[in-house]
Amino acid sequence: MSAHPASVRTTKSHERRFRGPLLYAVASLGLLVMAAPFLWMALSAFKTKKDLTASPPVWLPSEWTLSNFSALLDQLDMPRYFVNSLVVAVLVTVSNLLFCSMIGYALAKLRFSGRSKVFGIVLAALMVPGNLMILPLYVLMNKLSLIDTYAGLVLPFAASAFGVFLMRQFMQSIPDELLEAARIDGAGEWYIFWRIVLPLVKPALATLTIFTFLGSWNNFIWPLIATNDPDKYTLPVALATFANDPNRTVGGGNGMLMAGSLLVILPVLLVFTVLQRHFTQGIATAGMK
C-alpha cells in the first residue's frame, strides 16, 4: 500500500526543517576551517614573544602589542617592498584589463581570418601549467636585459589566457544589433569598444581585476627568480628572505613574520571589499551563460 499523502508531506516537511540547520552547521564548520589560519596569523601579529612560544599555544594574546610591527619596520625596508609590490601589481592589473579586453572584443565581435585558430591557441594556453613557462621566460627576459627591472616583473604577465577567455565570453553576450546600430551611426570600432562595450562588461572587468591583482600581489616564484637586487624585492620575496635569515630570533621573528603577512593581505582584502559587488555579479552572470 502507498503511503498516505499527508504523511508524505509531513515527512518532507521534517526533512526540510532539519536540512536547513544541518547545511548551516556544515557551512559554518567549513568557514571556520578556512578562516582559522588567517585568524591565527592576525592574532599572532599582536602577541608578545611569551605568547608566541607558549605551550600549549594560546589563541588570544594575553597582552596586545604593536612591537612586532615596529620591529619589522626597523629590520626590513617595508615601505620600499610595499611600493615594489604595489607598482608591479597595479601595472600588471591595468595591462591585463586593457589587453585582455581588447583581445576579447576582437575574438567576440570582429570577423577576421583565423579568429577560431587564435581562440584555440588561447584555450591551449589555459591548459599549460604556469611553472613550465618560468624557464623560457627567464631566458627571454635575460636576453632582453630586463632582469632586476620592473619591466621584467610586469611584461611576462601583461596579458593572460584566462583574462582573454573571460572577457571574450562576457562580450559574446552583447547583442550584435547594438554594435551594428552604432556603426550605422558612424561610430568607429575604438569608440564602440570604449563607450559601449566596456561599460556593459563592468562585472567581468571587476572579476578580472580581483583575480589579476591577487595573483600578482601574491606572486612569489617569478619575483624570486627575476630579482637579484634586494631593492627590487616584492613583499613576498622580502618576507621569505627574512624567514630564512638565521639571525632572527624564533619567537620575535615569528611575530614579525605574522605582522608582515598581515600587511601583505590587507591590500588584497581592500581591493576585494571595494569590488565585491561587481565580482559577485560577474560570477552570477557567468554561471547563467
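Numerical summary
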{"read-out": "So Ile174, is it outside any helix (DSSP H, G or I) and under 25 Å from Trp190 (Cα atoms)", "value": "yes"}
{"read-out": "Unique match (being closer than 25 Å to Ala240 by Cβ and either hydrophobic (A, V, I, L, M, F, W, C) or within 27 Å of the chain's Cα centre (by Cα) (or both)) among Leu97, Leu23, Leu52", "value": "Leu52"}
{"read-out": "Qualifying positions in region 177-208 - of a type in the set (D, E, K, R) and assigned to a helix (DSSP H, G or I)", "value": "Glu177, Glu180, Arg183, Glu189, Arg195, Lys202"}
{"read-out": "Number of positions in region 29-59 that are surrounded by 10 or more Cβ atoms within 10 Å (Cβ to Cβ) and assigned to a loop (DSSP other than H, G, I, E, B)", "value": "9"}
{"read-out": "Selection from region 137-156 of residues that are without any contact (Cβ under 8 Å) to a residue 24 or more places away in the chain and under 24 Å from the mean Cα position of the chain (by Cα)", "value": "Ala151, Leu155"}
{"read-out": "Selected residue (criterion: surrounded by the most Cβ atoms within 10 Å (Cβ to Cβ)) from residues of region 209-242 that are assigned to a loop (DSSP other than H, G, I, E, B) and among the aromatic types (Phe, Trp, Tyr)", "value": "Tyr233"}
{"read-out": "The listed residue being more than 20 Å from Tyr150 (Cβ to Cβ) and either in contact with a Leu (Cβ under 7 Å, 6 or more places away or on another chain) or assigned by TED's automatic domain parsing to the domain that holds Ala89 (or both), out of Asn218, Asn244", "value": "Asn244"}
{"read-out": "Tyr81 being modelled with pLDDT of 85 or more and more than 21 Å from the chain's Cα centre (by Cα)", "value": "no"}
{"read-out": "Selection status of Thr249, among the polar types (S, T, N, Q) and at pLDDT 80 or above", "value": "no"}
{"read-out": "Of the criteria (1) without any contact (Cβ under 8 Å) to a residue 60 or more places away in the chain; (2) surrounded by 15 or more Cβ atoms within 10 Å (Cβ to Cβ), which one Ser62 fails", "value": "(2)"}
{"read-out": "Subset of region 84-118 [surrounded by fewer than 18 Cβ atoms within 10 Å (Cβ to Cβ), among the aromatic types (Phe, Trp, Tyr) and part of a helix (DSSP H, G or I)]", "value": "Phe99"}
{"read-out": "Condition met for Ala71 (closer than 17 Å to Ala259 by Cα, modelled with pLDDT of 80 or more and in a helix (DSSP H, G or I))", "value": "yes"}
{"read-out": "Residue tally, condition under 20 Å from Pro267 (Cα atoms) and free of Cβ contacts under 8 Å to residues at least 24 places away in the same chain, over region 198-214", "value": "0"}
{"read-out": "Only one of Ser160, Ser145 that is surrounded by fewer than 13 Cβ atoms within 10 Å (Cβ to Cβ) and under 30 Å from Pro236 (Cα atoms)", "value": "Ser145"}
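To keep it simple, each residue is scored yes or no on (1) over 30 Å from Ala259 (Cα atoms); (2) at pLDDT 80 or above; (3) not acidic (Asp, Glu).
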residue	(1), (2), (3)
Ser7	yes, no, yes
Thr10	yes, no, yes
Phe18	yes, no, yes
Leu32	no, yes, yes
Lys49	no, yes, yes
Glu63	no, yes, no
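The values are calculated or read from the model by the stated rules, or taken from the named source; none is laboratory data. The structure displayed is predicted, hence computed values, not measured ones. Cβ sites come from the backbone with ideal geometry, for glycine too, and all protein chains shown count toward neighbours.
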